[in-house]
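None of the figures in this text is laboratory data; all of them are computed from the coordinates on show. Just so we're clear, the structure is a prediction, and the values are computed from it rather than from any experiment. Cβ: placed from backbone, ideal geometry, glycine included. Neighbour counts: every protein chain shown.
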Amino acid sequence: MTPPSGRVNLLVCDTPQAVAERAASLIERQVRAKPDSSLLVATGNTPMPTYAELARRKPKMSEVCAIQLDEYLGVSEHDPRSLYGWMERSFTRPLGVGRVLRFDAMSARPDAACAEHAAGIRTLGGIDLAILGLGPNGHLGFNEPPSDASAPTRPVVLSAASLLSNAPYWAPLAVPRQALTVGMDLILAARACLLIVTGEHKREVLGRMLEGPRTPQLPASYLQDAPLTVVADRAAC
Ligand code: PGA
């Protein structure tokens with residue numbers, strides 16, 4: 001697989017564990033170089049081994065700010081489906097992260113909650129490192145197709161594909177249909193992006209994302225123009 005942009009760095013590892021170690025090293029390097037880094041933190045299954053590996057290494061994260069990437073609308077942190085809860089269990093708590101910027105998912109004014117989250121990111125000076133997973137439909141966070149590079153932080157209605165792919169995580173509970181997501185604009189403005197991809201089921205979408213045209217139908221394709229490192233296992237390549 002040949003990435004189209006000189007800015008994209010594709011690192012292929014033999015196994016998912018090797019992916020976790022490589023990705024953890026990149027995150028560790030970031031926080032060593034800038035202890036008060038702002039990190040955009042994806043949940044989902046893919047980055048979990050990376051976060052576990054980081055927790056094993058325990059780099060100093062007390063000055064880091066973890067920024068929530070997405071959340072279901074109207075879901076409190078005590079709900080098992082809360083993505084904030086997932087980020088807390090897998091990332092901020094085990095790693096001793098000192099600062100967190102989160103969505104107010106219980107707000108009666110979701111537009112205002114999104115504007116506030118985006119303003120919070122801008123106040124931090126933007127995102128130093130965006131840690132991302134790749135949706136089977138090419139979404140980033142909950143920037144569902146179609147989302148172009150200027151899509152802002154906003155409330156969204158989840159696509160049928162995302163409802164389907166997230167259903168096993170929450171069964172027998174239903175996947176909420178609405179969510180809040182950091183926009184493509186802020187993700188693509190990150191000083192660095194780290195996309196973690198594992199498994200044969202991601203191979204087709206990873207290929208299109210790296211080699212196909214940039215298109216709102218595959219939001220992750222805009223990462224071709226971002227300062228991007230992809231860490232993927234052989235199965236995904
Ligand atoms: P996954 O989710 O890591 O659980 O595959 C990725 C995503 O939907 O963004």
For this session: Stick to the Cα atoms of segment 160-237, pair each with every other, and give me the Kirkwood hydrodynamic radius in Å at one decimal.
Result: 14.2
For this session: Please report Rg over Rh for segment 115-158, where both radii come from the alpha carbon positions and Rh follows the Kirkwood definition.
Result: 0.98
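Mind giving me the FRET efficiency for Thr215 and Asn45? R0 is 25 Å, r the Cβ-Cβ distance, nearest 0.05 is fine.
Numbers: r = 26 Å, r/R0 = 1.03.
Result of the calculation: an efficiency of 0.45.
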Exercise. Per 10 Å bin from zero, what fraction in whole % of the C-alpha pairs of the chain is there, up to the bin with the longest pair?
Worked result: 8, 35, 40, 16, 1
Problem set entry | For Cys13, residues with placed amide H under 5 Å, excluding near neighbours | Ala232, Asp233, Arg234
Exercise. Among 147-155, 222-230, what's the highest-first ranking by average C-beta atoms within 10 angstrom per residue?
Worked result: 222-230, 147-155
For this session: For a quick protection proxy, order the peptides 202-211, 26-35 by their average other-Cβ count within 10 Å, most packed first.
Result: 202-211, 26-35
Exercise. If amide H atoms are built 1.01 Å from N in the plane of the peptide, which residues on other chains or at least 5 residues away come under 5 Å of the amide H of Ser38?
Worked result: Cys65, Asp128, Leu129
Exercise. Cα to Cα, under 17 Å, and not fewer than 8 places away if on the same chain: which aspartates and glutamates meet these conditions relative to Lys34?
Worked result: Glu63, Asp128
Seminar exercise, completed: As a Kirkwood estimate from alpha-carbon pairs, segment 1-75 has a hydrodynamic radius in angstrom of 14.1
Problem set entry | Vicinal HN-Hα couplings computed from phi for segment 179-195 (Karplus, 6.51 cos²θ - 1.76 cosθ + 1.60; Hz; Gly/Pro x) | 8, 10, 9, 4, x, 4, 4, 6, 5, 6, 8, 4, 5, 7, 10, 10, 10
Problem set entry | 3J(HN,Hα) from dihedral phi, segment 228-237, Karplus parametrisation 6.51/-1.76/1.60, rounded to Hz, x for glycine, proline | 10, 10, 9, 10, 9, 8, 4, 4, 7, 9
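Taking a ≥ b ≥ c as the square roots of the eigenvalues of the Cα gyration tensor of segment 33-101, is the shape rounded (a/c under 1.5), prolate (a/b larger than b/c) or oblate? Don't jump to the answer; show the numbers that get you there.
Numbers: a/c = 2.10, a/b = 1.52, b/c = 1.38.
Prolate shape, in that a/c is at least 1.5 and a/b is the bigger ratio.
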Seminar exercise, completed: The exposure ranking of Glu144, Glu116, Glu200, fewest beta-carbon neighbours within 10 Å first, is Glu200, Glu116, Glu144
Seminar exercise, completed: Between the residues Ala66, Ser107, Gly96, the Cα farthest towards the positive end of the dipole of the chain, that dipole coming from +1 and -1 charges on the beta-carbon of Lys, Arg, Asp and Glu, is from Gly96
Exercise. If you take the square roots of the eigenvalues of the alpha-carbon gyration tensor of segment 107-237 and sort them as a ≥ b ≥ c, do you get rounded (a/c under 1.5), prolate (a/b over b/c) or oblate?
Worked result: oblate
Exercise. From the phi of every residue in segment 126-142, what ³J(HN,Hα) in whole Hz does the Karplus formula 6.51 cos²θ - 1.76 cosθ + 1.60 yield, where θ is phi - 60° and glycine or proline is x?
Worked result: x, 9, 6, 9, 9, 9, 10, x, 10, x, x, 9, x, 6, 10, x, 10
Problem set entry | DSSP-defined beta bridges in the chain - what % are antiparallel, rounded to 5 | 25
Problem set entry | Amide H partners (placed H, <5 Å) of Thr215, local residues excluded | Ser221, Tyr222
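Is it possible to state the helix-based mean residue ellipticity at 222 nm for the chain, with each DSSP H run of 4+ residues giving -39500 (n - 2.57), the sum divided by total residues, to the nearest 500 deg cm²/dmol? What is it? Spell out each step's value before the answer.
Values: 7 runs with 72 residues, N = 237.
When only DSSP H runs of four or more count, the value is -9000 deg cm²/dmol.
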